[in-house]
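*Asks:* Here you go, one structure.
The values are calculated or read from the model by the stated rules, or taken from the named source; none is laboratory data. Note that the structure is a prediction, hence the values are computed from the model and not measured. Here the Cβ is made from the backbone with ideal geometry for all residues, glycine too, and neighbour counts use every protein chain on show.
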Amino acid sequence: MLTQESQYARSLMEASLDPLLTINREGKILDMNQAYINITGQTRDKLSGTSFLDYFTEPIKTHEVYQQVFLKGSVADASLTLMHMDGKLTDVLFNGSVLKNKEGKVQGALIVVRDITDQKRTANELTEAKVAAELATELAEEAKRKAEQATHIAEDAVKAKQQFLSNMSHEIRTPMNAIIGFTKVVLKTTLSEKQKEYLTAIKISGDALIVLINDILDLAKVDAGKMTFEQTPFKMALSISAMLHLFETKIQEKNLELVKKYDSKIPDVLVGDPVRLHQIILNLVSNAVKFTTQGKITVSVCLLRDEEDKVTIEFSVKDTGIGIAENKLENIFENFQQASSGTSRLYGGTGLGLAIVKQLVEPQGGTIHVESKINEGSTFSFVLTFQKTKFQADLETEVVELNTEIKNIKVLVVEDIPLNQLLMKTLLDDFGFACDIAANGKIAVEKLLSNSYDIILMDLQMPEMNGFEATEYVRNKLNSKVPIIALTADVTTADLEKCKAVGMNDYISKPIDEKLLYNKIVGALKKPLLKEHMGKEENLNKNRKYIDLNYLIQRTRSDRKLMLEMISLFLEQTPSLINTLKQSLDNKNWDSLSAAAHKMIPSFSIMGISSDYENIAKEIQEYASTQKKTDKISDLVYRLETGCLQACEELKEEFNEINAINK
Ligand code: ADP
């Protein structure tokens, strides 16, 4: 029978979830709770009276702890291991404190062992996680270092590739220029049909090779982020029909039909990059022609949005050709992608065209899209935005008439490669220009000291003194303003900037297009005249209230003779038309009144006369032809007469001014 006291002590011991036991001074177990029984796997009877040390794994360490308890009176959180009778080990924290009797004499000790398996596991897991995290960080850093290294290598490789492509294309283009150029020259001579056929084949192959080289160069430029787009005014309709013209023969040969749909609401002149637009459509149409054996090719240009300052246009090229399988459509705009492995063998091509098209559309803010069904056909469409403009387009492709002022032209060709020298000489001979050749910049400078030339065509890469150095010398040391046109094989933006910076007036890329060369030479020779006159014009215009000749200058490309002719025509016809107006009004001859007013209208805009007068003339025409509000006509005729006579006065003065420059 337990006493009340020991009953109380027992309840306290059992209340603890931690294993708990009491021992005497010798270490023999006196009492224990159920938790201790559980953790050792023994029975109460078996445990009672045995040495508590028997249930721990490290006897020496445990003994030391036991001694500490009695030496110090207590031990806190000593780390030990308990053993279950079936061998299972439990990590515990050992806490012991001596038990004293009423006299304060140490009788034994109370021991609490706390199972810390879970804490240990968590701690282990935490350590492991920490180690893993540190390892992962290290790995990530290593990966980052490797990625940076790879980026450097890749960047170097791209640079090397670009350099290589640029050098190679230059090297290939130079002899190609000669091949194509001389083929063109020979094609102009008298040839037998067979010879013509063979030479044409050589020229076509040469042209194809140049296209390929340009394609590769374009892609290299895209890779290097060097693709640039011009913003020049151009005539969209003209540009597109000129390009489609190129396909006429091919389309006829294949018995196909070409349908062109052009939205008439598209403004005449737009600002954008006509050369790139050309390139995009050219690629799409040539694919359409290539992959179609029967049916038609429809090229549509459609105004999607018309805003105050810009228009959005959709271009589409639709064919009735072989089509593209659905699973190929997704990748068709990637480099070197062809719809099937047999494509190259059957149709030729490299799979670069569409990749370039995409790179020409998207950087301009446009989108491109394809729809296709096998054996039915494909439609490639793209959308681009163009700015509107008041300016006239600069029509490079239009042949500029050489006026009589520009004759006996002497050209200095600075070019180191003998084949190119000969080619340039042949071209210039054809134009009827005299030409002198210098094999490098240094010789050119020497020639300039003893001769005078109207214009210089300057190659860029030459031994001894290159084109840039020579131009710098001509501008800064010789103080000469002679127009210089650069002849470039590889037109990179950097080169063009440099051309401008050293003072070149223009550039033309090889292979030389003879029409373009002619226009550039004539344009360069005319520009100073235009500037000279424009300068005077600004001064004169200050006092001009009724006219503005800027439009006329533009229209005639500053051709003074033409300007004078047009002004004198206006001066001749205007007073007589005004007379007719007045007489017809007096006689109430409405038909002749309307006709005279109608005749006057077009000349107002040419002479830059305010549109108010054009509107007056239109009103007169309308009232006269409908015979309504005829009472108002008299006042209108009076206003028109006053305005026109003032304009004529001003035009007479202008006529004399221009005539004076001419002499
Ligand atoms: P290339 O014509 O030089 O092979 P492209 O990039 O222009 O390269 O075209 C890639 C591929 O897309 C072509 O090889 C062809 O398989 C397919 N493709 C392009 N346009 C058409 C088309 N109009 N009809 C059918 N297949 C086309």
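*Asks:* Given Gln107, Gln163, which one is of a type in the set (S, T, N, Q) and in a helix (DSSP H, G or I)?
*Replies:* Of Gln107, Gln163, the one residue that is of a type in the set (S, T, N, Q) and in a helix (DSSP H, G or I) is Gln163.
*Asks:* Look at Glu64 and say whether it is out of contact with any Leu (no Cβ under 6 Å at 6 or more places or on another chain), within 20 Å of Gln107 (Cα to Cα) and either crowded, with 18+ Cβ neighbours inside 10 Å or not small (Gly, Ala, Ser) (or both).
*Replies:* Yes, satisfied.
*Asks:* Pairs, please: C-beta under 7 Å, at least 6 apart or cross-chain, first residue among the charged types (D, E, K, R) and buried (at least 18 other Cβ atoms within 10 Å of the Cβ) and in region 508-532, second in a strand (DSSP E or B) and at pLDDT 80 or above?
*Replies:* Matching pairs, first to second residue: Lys510/Leu487; Lys510/Thr488; Lys520/Ile485; Lys520/Asp506; Lys520/Ile508.
*Asks:* From the list Phe380, Phe333, exactly one residue is out of contact with any Gly (no Cβ under 9 Å at 6 or more places or on another chain), modelled with pLDDT of 90 or more and within 9 Å of the ligand (Cβ to nearest atom). Which is it?
*Replies:* After applying the criteria, what remains is Phe380.
*Asks:* Name the residues in region 411-448 that are assigned to a loop (DSSP other than H, G, I, E, B) and of a type in the set (Lys, Arg), would you?
*Replies:* none
*Asks:* Please determine, by comparing only the residues of region 304-333 that are within 13 Å of Leu284 (Cα to Cα) and among the aliphatic types (A, V, I, L, M), which one is surrounded by the fewest Cβ atoms within 10 Å (Cβ to Cβ).
*Replies:* Filtering first and then ranking leaves Ile332.
*Asks:* Against the definition (surrounded by 13 or more Cβ atoms within 10 Å (Cβ to Cβ) and within 26 Å of Lys561 (Cα to Cα)), how does Ile609 come out, yes or no?
*Replies:* Criteria met by Ile609.
*Asks:* Any chance region 70-80 includes a residue that's of a type in the set (Lys, Arg) and either in a helix (DSSP H, G or I) or surrounded by 12 or more Cβ atoms within 10 Å (Cβ to Cβ) (or both)?
*Replies:* yes
*Asks:* Now for a separate question. What pairs come out if I take residues in region 227-244 that are within 22 Å of Val299 (Cβ to Cβ) and pair them with residues that are surrounded by 13 or more Cβ atoms within 10 Å (Cβ to Cβ) and modelled with pLDDT under 80 whose C-beta lies under 6 Å away, six or more apart or interchain?
*Replies:* Sorted first by the residue in region 227-244, then by its partner, the pairs are Phe234/Ala393; Lys235/Ala393.
*Asks:* Still on this structure: Can you run down the residue pairs with Cβ atoms below 9 Å, 6 or more apart or on separate chains, where the first is in region 284-313 and at positive phi and the partner is in a strand (DSSP E or B) and within 11 Å of the ligand (Cβ to nearest atom)?
*Replies:* Pairs found: Gly295/Asp319; Gly295/Gly377.
*Asks:* Separate question: If I ask for residues that are out of contact with any Asp or Glu (no Cβ under 9 Å at 6 or more places or on another chain) and farther than 16 Å from Asn38 by Cβ, which ones from region 80-107 would you list?
*Replies:* If the condition is that a residue be out of contact with any Asp or Glu (no Cβ under 9 Å at 6 or more places or on another chain) and farther than 16 Å from Asn38 by Cβ, then Gly96, Ser97, Val98, Leu99, Lys100, Asn101, Lys102, Glu103, Gly104, Lys105, Val106, Gln107 are the ones that fit.
*Asks:* Quick one: which of Asp207, Asp218 is closer than 30 Å to Thr151 by Cα, among the acidic types (Asp, Glu) and either touching a helix residue (DSSP H, G or I) at 6+ places or on another chain (Cβ under 7 Å) or modelled with pLDDT under 80 (or both)?
*Replies:* So the residue among Asp207, Asp218 that is closer than 30 Å to Thr151 by Cα, among the acidic types (Asp, Glu) and either touching a helix residue (DSSP H, G or I) at 6+ places or on another chain (Cβ under 7 Å) or modelled with pLDDT under 80 (or both) is Asp218.
*Asks:* Separate question: If you scan region 319-328, which residues turn out to be more than 9 Å from the ligand (Cβ to nearest atom) and either farther than 23 Å from Lys296 by Cβ or part of a helix (DSSP H, G or I) (or both)?
*Replies:* Glu326, Asn327, listed by residue number.
Results for (1) under 30 Å from Gln67 (Cα atoms); (2) among the basic types (Lys, Arg); (3) loosely packed, with under 10 Cβ neighbours inside 10 Å, shown as yes or no for each residue.
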residue	(1), (2), (3)
Val106	yes, no, no
Leu110	yes, no, no
Val113	yes, no, no
Asp118	yes, no, yes
Ala123	yes, no, no
Glu134	no, no, no
Glu142	no, no, no
Met176	no, no, no
Val186	no, no, no
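*Asks:* Can you give me the ranges of the helices (runs of 4 or more DSSP H) entirely in region 197-303 with at least 2 residues that are crowded, with 18+ Cβ neighbours inside 10 Å, more than 16 Å from the ligand (Cβ to nearest atom) and not acidic (Asp, Glu)?
*Replies:* 236-245, 274-290
*Asks:* For Val65, are the conditions met, namely being in contact (Cβ under 8 Å) with a residue 12 or more places away in the chain and assigned to a strand (DSSP E or B)?
*Replies:* The answer is no for Val65.
*Asks:* Residue by residue through region 602-648, note down the ones that are within 27 Å of Lys390 (Cβ to Cβ) and in a loop (DSSP other than H, G, I, E, B).
*Replies:* Those that are within 27 Å of Lys390 (Cβ to Cβ) and in a loop (DSSP other than H, G, I, E, B): Met607, Gly608, Ile609, Ser610.
*Asks:* From Ile216, Ile153, which residue is among the β-branched types (Val, Ile, Thr) and either touching a residue at least 24 places away in the same chain (Cβ under 8 Å) or in contact with a Ser or Thr (Cβ under 9 Å, 6 or more places away or on another chain) (or both)?
*Replies:* Residue meeting the stated conditions: Ile216.
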